[in-house]
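The values are calculated or read from the model by the stated rules, or taken from the named source; none is laboratory data. The shown structure was predicted, so the numbers you read here are calculated from the model rather than taken from an experiment. Ideal geometry is used to build each Cβ from the backbone, glycine not excepted, and the neighbour counts take in all protein chains shown. Remember, those area values only see protein heavy atoms, side chains included, never the ligands or the DNA or RNA. Shrake-Rupley method; radii C 1.70, N 1.55, O 1.52, S 1.80 Å.
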Amino acid sequence: MARLLLISMLFLWAGSILMLQGGDPTLFFEWNVTYGTIAPLGVPVKGILINGQFPGPNINSTTNNNIVIHVFNNLDEPFLVTWNGIQHRKNTWQDGVLGTNCPIPPGKNYTYKFQVKDQIGSYIYYPVTAMHKAVGGFGGLHVNSRLLIPVPYADPADDYTLLVGDFFNKGHTSLKKILDSGRNLGRCDGVHLNGKVAKGDGKDEPLFTMEAGKTYKYRICNTGIKTSLNVRFQGHTMKLVEMEGSHTMQNDYDSLDVHVGQCFSVLVTYNQEPRDYYVVASTRFTRREVTATGIIGYKNGKGAASSELPPPPVGWAWSLNQFRTFRWNLTSNAARPNPQGSYKYGSINITRTIRLANTAQRVDGKLRYALNGVSYVEPTTPLKLAEYYGVAEKVFKYDTIPDEPPSDNTKVTLAPIVLNMTHRNFVKIIFENHETAIQSYHLSGYSFFAVGMDVGKWSPEKRMNYNLLDAVSKQTIQWNLRSEIWDRHYLGQQLYASVISPNRSLKDEYNLPEGVLTCGIVQGMPRPPPFSS
């Protein structure tokens, strides 16, 4: 019998905020995207590299920096990258999802321009086309607090990025064929840490090297395509200080469940005997547990890491209880997400409630994943471009799904899913998971408060258990709202919401950028007149 897990969140649509300010620094990057051989599990695979790197280079920025990234697509297929967790105030044109942007054609280039406005935290970027994310094109994206705004912990000795993820040795083209044929991907072949796995033969190079007595910051992100991972440091505890852009209450953890798309920042103090230790990542909620390790070395330390690894937790209830320990740090002075214009989100009147139930069904003999009875299909014209050019009726219909799951949720139709939302409304979204597989959802370009998680079917009485005081503002649970489990995302478990300002004003959103890529039915059409005020 499937367990039913429900997640309640408040998506609170805020008013506009000016994006560009004179004097804010601009960071420039040039990326060459190419194929290259990678072998994180020891098996050569055709991977996707950025400037020859797997994982790709980190973007290290500071709040209010303007970021310009010139991307050259040297692959033989379209490529598009998204900035997971960046809010793109008034500038969703740079979000990098297929409902908004045309992919970069082979041999072409595109320049992203956006500002990390009023944000801090640890994020990732990754490709959204086909199954590219399975073999690379991803990396860390850091937004540091400005020097004048203190963070709620002492400066660490150094700041490191730890990207963990599942890996499939079949390669991205074979994975795509599996999904196109109507099958699921099955279980992963292994797990990597920053593209590597320690062999344990005494010859492994350390991922990081520390000094005894010092404290270091690790930005831990799950860049995989479908598997939740538990991360732990042998012999050391982690102090959680930030997750997905929000400073948290600083609890200590022996291990953390990191679901697909999530990022945590932790502090680790090196106060043990100076020798090597393992950082460990294990699969969660899989029939066969897979574990990978990486070496963390002490400077001038002597002795190999012990083969006795700290054990992972057992069961889904452990992860649910850990989620309940995450709390927002309301005393922090640093920039923090503010989705609804007020930190007292619990007093906001909700104007719309949407309950989404995910299902897995077969349509014409092929596997499809759906939300409220509809499985999303990607049109050739991005939804946002179709709206902007005034041809939306030729591409999609609004409100394809109801706000409540249908009484018969076993019937599935295929269509683009676009919810018609009202500007400045406050929305609550409830996810019901009737399946045995874990779900991980992401809200692209915005953030929300995850106010509750429980078992059983949702009912209004569940509101009694909501955290309406200090729930963490997060972005992983658009408005592209999509499953971070990539086979589910690829086979239809996503939706878009259209939130259009009736004023068509620059106060609410910027005009279509010069040089934006066009495709589908809008390609070659004259540009609509720009907003004037």
Check your understanding: Residues of region 379-397 being modelled with pLDDT of 95 or more and loosely packed, with under 15 Cβ neighbours inside 10 Å, which ones?
Key -> Thr380, Glu393, Lys394, Lys397
Check your understanding: Quick one: is Ser282 modelled with pLDDT under 95, assigned by the TED database to the domain that holds Phe208 and within 28 Å of Glu435 (Cα to Cα)?
Key -> no
Practice item. Take Glu30 and decide whether it is assigned to a loop (DSSP other than H, G, I, E, B), out of contact with any helix residue (DSSP H, G or I) (no Cβ under 7 Å at 6 or more places or on another chain) and over 18 Å from Arg219 (Cβ atoms). Key: no
Check your understanding: Among the strands (runs of 3 or more DSSP E) confined wholly to region 46-105, which include 1 or more residues that are closer than 19 Å to Gly136 by Cβ and either open to solvent by 30 Å² or more (accessible area, probe 1.4 Å) or of a type outside the set (Val, Ile, Thr) (or both)?
Key -> 66-73, 81-84
Check your understanding: Quick one: is Lys239 open to solvent by 60 Å² or more (accessible area, probe 1.4 Å) and at pLDDT below 95?
Key -> no
Exercise for review: Please give the number of the condition Ile429 fails out of (1) part of a strand (DSSP E or B); (2) farther than 24 Å from Pro460 by Cα.
Suggested key: (2)
Point to revise | Yes/no for Lys226 being part of a strand (DSSP E or B), open to solvent by 10 Å² or more (accessible area, probe 1.4 Å) and in the same structural domain as Val280 (by the TED database) | key: no
Review point. Looking at (1) at pLDDT 95 or above; (2) exposed (fewer than 13 other Cβ atoms within 10 Å of the Cβ), can you tell me which one Leu330 breaks?
Key: (1)
Point to revise | Filtered residues of region 434-450 (kept if part of a loop (DSSP other than H, G, I, E, B) and either among the polar types (S, T, N, Q) or buried (at least 19 other Cβ atoms within 10 Å of the Cβ) (or both)) | key: Thr436, Ile438, Gln439, Ser440, Ser444, Gly445, Tyr446, Ser447
Study note, to complete from the structure: Taking region 38-95 and keeping residues farther than 30 Å from Leu385 by Cβ and of a type in the set (D, E, K, R) leaves Lys46
Exercise for review: Among residues belonging to region 158-215 that are among the β-branched types (Val, Ile, Thr) and open to solvent by 40 Å² or more (accessible area, probe 1.4 Å), point out the one that is nearest to Val43 (Cα to Cα).
Suggested key: Val197
Practice item. Output the residue which, of all residues in region 451-477 that are of a type in the set (A, V, I, L, M, F, W, C) and open to solvent by 10 Å² or more (accessible area, probe 1.4 Å), is farthest from Gly261 (Cα to Cα). Key: Met464
Exercise for review: Among the residues of region 286-314, count how many are open to solvent by less than 80 Å² (accessible area, probe 1.4 Å), part of a loop (DSSP other than H, G, I, E, B) and within 24 Å of Asp189 (Cβ to Cβ).
Suggested key: 7
**Study point:** Flag if Arg146 is basic (Lys, Arg) and either closer than 26 Å to Thr227 by Cα or touching a strand residue (DSSP E or B) at 6+ places or on another chain (Cβ under 7 Å) (or both)
**Key:** yes
Check your understanding: Taking the stated definitions as given, is Leu49 farther than 18 Å from Val197 by Cβ, at pLDDT below 75 and not assigned by the TED database to the domain that holds Phe168?
Key -> no
